Amino acid sequence: MGQRKLTINLPNSADALHNILQILLQYGLISEKKAHNIEKEEIAKKPNKKSRWAQLADEVHQKGPLKGKSEEFLKMAREFREDFSL
């Protein structure tokens, strides 16, 4: 039987990619070295997607609304934390 090519659009999820590569390894359709290289390349290609909190932190840092008021803000944050209760 002749070989055929199969093109796979790799998933965005690192876990899903790992699972697909494990299945290909299990059936002997890909070498372990090739699987490792694919996983390494795909993870390196994808930019680290920041969480919404990290994006917000970056935006706040860029705008700098607390310039010159950081000590005052920290004092207020500590007071809030100490007085907070459910």
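The values are calculated or read from the model by the stated rules, or taken from the named source; none is laboratory data. Please read all numbers here as calculations on a predicted model, not as lab measurements. Using ideal geometry, Cβ is built from the backbone for each residue, glycine included, and neighbour counts are taken over all protein chains shown. When the accessible area is computed, the model is the full protein with side chains, heavy atoms only, and any ligands, DNA or RNA have been set aside. Shrake-Rupley method; radii C 1.70, N 1.55, O 1.52, S 1.80 Å.
Kindly provide the set of residues from region 46-69 that are of a type in the set (A, V, I, L, M, F, W, C) and under 12 Å from the mean Cα position of the chain (by Cα), ordered by number. Before you say what the answer is, go through the steps one by one.
Keep residues of region 46-69 that are of a type in the set (A, V, I, L, M, F, W, C), which gives 53-54, 56-57, 60, 66.
Selection gives ALA54 alone.
Quick one: which of ILE30, ILE43 is of a type in the set (A, V, I, L, M) and under 16 Å from the mean Cα position of the chain (by Cα)?
Just a single option satisfies the conditions, and that option is ILE43.
Just give me the residues in region 25-74 being closer than 20 Å to ASN12 by Cβ and open to solvent by 100 Å² or more (accessible area, probe 1.4 Å), in sequence order.
HIS36, LYS40, GLU41, LYS45, PRO47, ASN48, LYS49, LYS50, ARG52
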